[in-house]
Amino acid sequence: MDDRQLFWISRQTWPKDHCGQNVFLGEAVHEIGAAMVPGWTGGEPAIPESLYGLSIGDKPLPELMAKPYQREDVRKLLASRTPPIDVIRIDGTAYAPPRFVFPAGAWGIGCDMARAIDAERLAAKSRLSVVQHKIRDGLATGSLKSALRHPMGGEFSEPISPAAWNTEHIHKRFRFCQMNPRDPFGSGVAGDGFRLIFITRDSLDAFKSGPVSDEENQAPTMGGPKSKAFEAVFRDIVKASPNLRTHSKEDLYAMAPGLTHNEVDRIRHRVINELGLAATWAAPGRGRANR
């Protein structure tokens, strides 16, 4: 569990406006999600960002194509099911990875479990993305009003200009619900100079009365011309640099402004798995995507 997940599951520790005039951004996410997004569970902000990626298209990844870490993932999934399926794990050496012996049919069962979890995570990410963009749009148009407060407490700032939310790069602000007023479009998420983001209670109550449209919920970009065009571009990028991640997720999101982050992630995972390059393009610690 990373720091982002710990933050979002520690709701009882979040700051409050004890005068009741402002609502912490994290609480506003949950209020808008519950009021405007069908299927909202409350667990969306803490969902793991990673996917198992054990598919090629709509079929399970063949065991012979799996990397050692993917075999270990399947082993753990099989051990967690009811009843569990035991997989023999033979420890490796400094020069060879561990080996796994899966019972007949077990690999497919484990891949199906992983694919179901990935589908749930992608659906949760899509619901969260709807909420984040609804909040961004509300703040950018002035329908919602925001103010900042020092993490230690004190008075609230003057209302933040809607121009500070007139951007596509909003996800870092939702990581810990903070922003730096001196560098609102910077790449940081917390630290010196950052302030807590609050939404005024009056504007939030007025805003969340309207439903999210069916069009937004159904993510109409999936499978459309823009989706196919981005997939072709990303496939060329990966083929041109199979052994080094040359683009971060933020780079890819910026390349596809007409697509949701959920759709970009879905295309990215499908392409790298189809090309057998998940170890380079999906694993942490490789290339400039983790700079």
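The values are calculated or read from the model by the stated rules, or taken from the named source; none is laboratory data. Worth saying up front: this structure is predicted, and the values here are computed from it rather than measured. Surface areas here come from the heavy atoms of the whole protein model, side chains and all, with no ligands, DNA or RNA. Shrake-Rupley method; radii C 1.70, N 1.55, O 1.52, S 1.80 Å.
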Phi-derived 3J(HN,Hα) across the range 53-59 with the Karplus relation (6.51, -1.76, 1.60, θ = phi - 60°), rounded Hz, x for Gly and Pro, is x, 9, 9, 10, x, 9, 10
Non-local amide H neighbours of F24 (under 5 Å, H modeled in plane, Pro and chain starts lacking H): which ones? D17, I199
Sequence-separation-based contact order of the chain, relative, with Cα cut under 8 Å and 6+ spacing, percent: 20 percent
I'd like the orientation of helix 68-80 relative to the chain: the angle between its Cα long axis and the longest Cα principal axis, in ° from 0 to 90, rounded to 10. 80 degrees
How much mean residue ellipticity at 222 nm does the chain get from its helices, if each DSSP H run of length 4 or more adds -39500 (n - 2.57) and you divide by all residues, to the nearest 500 deg cm²/dmol? -13000 deg cm²/dmol
Rounded to the nearest 10 degrees, what's the angle between the helix 225-240 long axis and the longest principal axis of the chain, both from Cα atoms, 0 to 90? 60 degrees
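Which pairs, out of K125/K208; K67/K239; K172/K249; K208/K228; K145/K208, put more than 22 Å between their alpha-carbon atoms? Mind dumping the intermediate values first?
Values: K125/K208 20 Å; K67/K239 19 Å; K172/K249 12 Å; K208/K228 34 Å; K145/K208 13 Å.
Going by Cα-Cα distance, K208/K228 fall outside the 22 Å limit.
State the volume of the convex hull built on the alpha-carbon positions of the range 66-117, expressed per residue in Å³ and rounded to an integer. Mind showing how you got there, number by number?
Details: hull volume 3.9 nm³, N = 52.
So the per-residue Cα hull volume is 75 Å³.
With a 1.4 Å probe and every protein chain left in place, work out the accessible area per residue of the chain in Å², rounded to a whole number. Display every interim value, and only then the final one.
Numbers: 15320 Å² over 291 residues.
Solvent-accessible surface per residue comes out at 53 Å².
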Expressed as cubic angstrom per residue, what is the convex hull volume of the alpha carbon set of the chain? 161 Å³
What percent of all Cα-Cα pairs in the range 1-82 falls in each 5 Å bin, counting up from 0? 3, 11, 15, 15, 14, 12, 11, 9, 5, 4, 2, 1, 0
Given an 8 Å cut-off on Cα distances and at least 6 residues of separation, report the relative contact order of the range 44-167 as a percent. 23 percent
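Over the range 95-134, consider all pairs of different Cα atoms and compute the Kirkwood hydrodynamic radius from their mean reciprocal separation; express it in Å, one decimal.
Values: mean 1/r = 0.0779 Å⁻¹.
Radius from the Kirkwood sum: 12.8 Å.
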Based only on Cα atoms, what Rg/Rh ratio does the range 46-174 have, Rh being taken as Kirkwood's radius? 1.22
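Over the chain, with every protein chain in place, what whole percent of the accessible area is carbon and sulfur at 1.4 Å, could you tell me?
With neighbouring chains kept in place, the figure for the chain is 54 percent.
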Could you work out how far helix 25-36 tilts from the main Cα principal axis of the chain, as a 0 to 90 degree angle to the nearest 10? 80 degrees
